[in-house]
1. Mind listing the phi-derived Karplus ³J(HN,Hα) values for the range 655-661, rounded to whole Hz, using 6.51, -1.76 and 1.60 with θ = phi - 60°, and x for any glycine or proline?
2. Which entries of Lys714/Lys817; Lys530/Lys770; Lys63/Lys778; Lys358/Lys530; Lys225/Lys292 have Cα-Cα distances beyond 26 Å here?
3. Near the amide H of Asn241, under 5 Å away, which other amide H atoms are found, from residues 5 or more places off or on another chain, if H is placed in the peptide plane?
4. Quick one: 3J(HN,Hα) in Hz for the range 271-280, Karplus 6.51/-1.76/1.60 with θ = phi - 60°, rounded, Gly and Pro as x.
5. Which of the peptides 167-173, 784-790, 274-280, 451-457 is most tightly packed, and how do the rest follow, going by the mean number of other Cβ atoms within 10 Å of each residue?
6. Using each residue's phi in the range 359-369, evaluate 6.51 cos²θ - 1.76 cosθ + 1.60 at θ = phi - 60° and report the 3J(HN,Hα) Karplus result to the nearest Hz, with x for Gly and Pro.
7. Please get the size of the charge dipole for the range 386-428, origin at its Cα centre, with Cβ charges of +1 on Lys and Arg and -1 on Asp and Glu, quoted in debye to the nearest 20.
8. Residue farthest toward the positive end of the dipole of the range 22-114, with Cβ of Lys/Arg at +1 and Asp/Glu at -1: which of Gln67, Ile48, Leu32?
Amino acid sequence: MAMSCKDGKPGSLDNGKYVRYTPEQVEALERLYHECPKPSSIRRQQLIRECPILSNIEPKQIKVWFQNRRCREKQRKEASRLQAVNRKLTAMNKLLMEENDRLQKQVSQLVYENGCFRQHTQNATLATKDPSCESAVMSGQQRETHQHPPRDASPAGLLSIAEETLAEFLSKATGTAVEWVQMPGMKPGPDSIGIIAISHGCPGVAARACGLVGLEPTRVAELLKDRPSWFHDCRAVDVLNVLPTANGGTIELLYMQLYAPTTLAPARDFWLLRYTSVLEDGSLVVCERSLKNTQNGPSMPPVQHFVRAEMLPSGYLIRPCEGGGSIIHIVDHMDLEPWSVPEVLRPLYESSTVLAQKTTMAALRQLRQIAQEVSQSNVTGWGRRPAALRALSQRLSRGFNDAVNGFTDEGWSMMGNDGMDDVTILVNSSPDKLMGLNLSFANGFPSVSNAVLCAKASMLLQNVPPAILLRFLREHRSEWADSSIDAYSAAVVKVGPCSLRGSRVGGFGSQVILPLAHTVEHEEFLEVIKLEGIAQSPEDALMPRDVFLLQLCSGMDENAVGTCAELIFAPIDASFADDAPLLPSGFRIIPLDSGKEASSPNRTLDLASALEIGPAGNKASNDYSAAGGCMRSVMTIAFEFAFESHLQEHVASMARQYVRSIISSVQRVALALSPSYSGSHAGLRTPLGTPEAQTLARWICQSYRVYMGVELLKSGTEGGESVLKTLWHHSDAIMCCSLKALPVFTFANQAGLDMLETTLVALQDLTLEKIFDEHGRKTLCTEFPQIMQQGFACLQGGICLSSMGRPVSYERAVAWKVLNEEENAHCICFMFVNWSFV
């Protein structure tokens, strides 16, 4: 380690001479660097005193050494990052070349088939006068209706089926057996989840994905085989038989059950053969297909309440990637028997896009998520391991699916209705259910709650985007939830003091969101909701307590095609143990139209006031009325309650009324969100079209010009409405906050709302200090007096947080004082330049 020195001796500094540190000194400095990479001057002097081996080194030399060491560390990380990007791009290039070869083969095949079709057409024209034509047609019909003989299911027969399955799967994964088209909205690239394609014109529904994951092939195969861990719709996979093969492979006979997504359709099950083998090039293959019409071997008879579906040759081709990781091809091909569901639901079972979203892409996301966890810290900011948070998410999703399906083999039985069949009531008092809830005074539910009741219903929604509706339900719980019901649900869970803190988003007296974790693509996130000040009993009316809910949100991206939106929650106690008992309730909204929704991510910006004022004063935006057509979706609602058996009738009556009130609230919200509703009220305008908003936009631009000497917007923008529109669509995040002791946001443009991951309504409950980390808050406190005195301040780049707790980096920020017509300070405006999610 060479350092410049003043007089040629260690510990001195000079531009012309260098000195080498001894190995012992380097070791001591490295140890100190790992403890504190950026020590202050006081800390550096303390280090010299505490470490005698550094006593002959000047503090200035110590400072330079740490600067150089940080620079080398930064260079090392950047080099490592560039190498990883290069490996990823190389592998992606290989994938794209393979995809190009496959497409060329497909084009050649289509050209050949087109020539054959023309020849066949000419021959058919000539044969119209041939009397043998009729007999030829009849023989063709006979061949089409011919039944295949039963397949041999003995070990030798199963091996033959397995090899056939492998060949058919590979022809779909890398060949031209299926005509694949790019899935709408999915573009390949180094940052994409992968190359996603859906089938065109093949039997059943099929989806294919090619991607890169930072895991070894054997680990990838292990994770994908554990389907219930990543596929939320998978209830169970039972391995009933295992047969080793002579080539070192394995044949497994599986029975798999899938949950029904709504209360309106039966669940599916599959009787499968799974074949695992290694190809000559070292690639690992796991392929599956349904076993049907077999003899001389194991079989699976039909199961009550399940419809037997068929899996056509599907699976995973996993190849090792140079430099580590794997290249994976996934093919899912199923016939889900759409005839067995009501006609309105058949698009869910006939859409390859839905299959891609729910199954194929879910597998890739799980692999990417685990790969990220392996490469990063194994403990989240909440002190929870990612695996523990994933387990909580899985328990919420599984519990909700159990409630929606209400299988009799789990102890669910149906209660009689009250003359109306809109809400279904199920009761479960089986020991397995209660043990799964961990009923005890020590761990959660008191032992007097000896049964669980579920109230569920499904409803059809028209012309409202699922993601927008779900976001409103999440952010405005008080619009549909009954605080007394939340208190009742929480009463069976021991509630104590909790020190969690989060961002206030409005609600009962208050509703606080406490982010826990999110997946790589942020399509799913886990959070804790704190409902402050709820009385859990008449005795607590004067001393209300906080209620905590563990909540899982998914499908909040309106740009995703065919995505199911879910909001699932369960009361928890303040201890928030990993094995806390959970009784999940919530909403699931599934789009029935595969077309892309043309909607704005801030559709709920003034819905709260619209619901309070009523139709005459509705200011709901109609900014996506141009979506075209009628969007349809089905919403499923399920709420669970623990209760004492002698209160069954009372709790059932309460649950029915509660779910009906929620249905009424949802219909009211959906109506307010519907473009046809807002379009039928002439003269209604968006909040962005109000004179107040136009005036604020003008003040923002004028003040920026006064303090910065340049224009904020491009020249030529005239008129209040034009200024507001240009400001709203500005590429940088612009937001205003009030001049209070605790500043809160009052306005943000589209980029600002996207950066904060919120809406204009929820924005007003977000304080300025919540979006900055500790370093950012210190910088803000230092610069704030300058903003008030000088009128503006330029802030260095850094990291801030969205309302979801997601880190956001920005290159630089500008803050300036916004003056009104009387030149009095109205608010403070911030502009974050070149921001992006980390």
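1. Result, rounded to whole Hz: 5, 4, 5, 5, 5, 5, 5.
2. Numbers: Lys714/Lys817 20 Å; Lys530/Lys770 16 Å; Lys63/Lys778 24 Å; Lys358/Lys530 30 Å; Lys225/Lys292 21 Å.
The answer is Lys358/Lys530.
3. Counting only residues 5 or more places away or on other chains, the set is Leu253.
4. So the Karplus estimates, Gly and Pro as x, are 10, 10, 10, 10, 10, 10, 8, 10, 7, 4 Hz.
5. Output ranking for 167-173, 784-790, 274-280, 451-457: 451-457, 167-173, 274-280, 784-790.
6. For the range 359-369, the Karplus-derived couplings read 10, 4, 5, 4, 5, 5, 4, 4, 5, 5, 5 Hz, x marking Gly and Pro.
7. In total the dipole reaches around 420 debye.
8. Of the listed residues, the answer is Ile48.
The values are calculated or read from the model by the stated rules, or taken from the named source; none is laboratory data. Keep in mind that what you see is a predicted model, and the values were worked out from it rather than measured. Don't worry about glycine lacking a Cβ; one is built from the backbone with ideal geometry, like all the others, and counts go over all protein chains shown. Areas reflect the complete protein model, heavy atoms only, side chains present, ligands, DNA and RNA absent. Shrake-Rupley method; radii C 1.70, N 1.55, O 1.52, S 1.80 Å.
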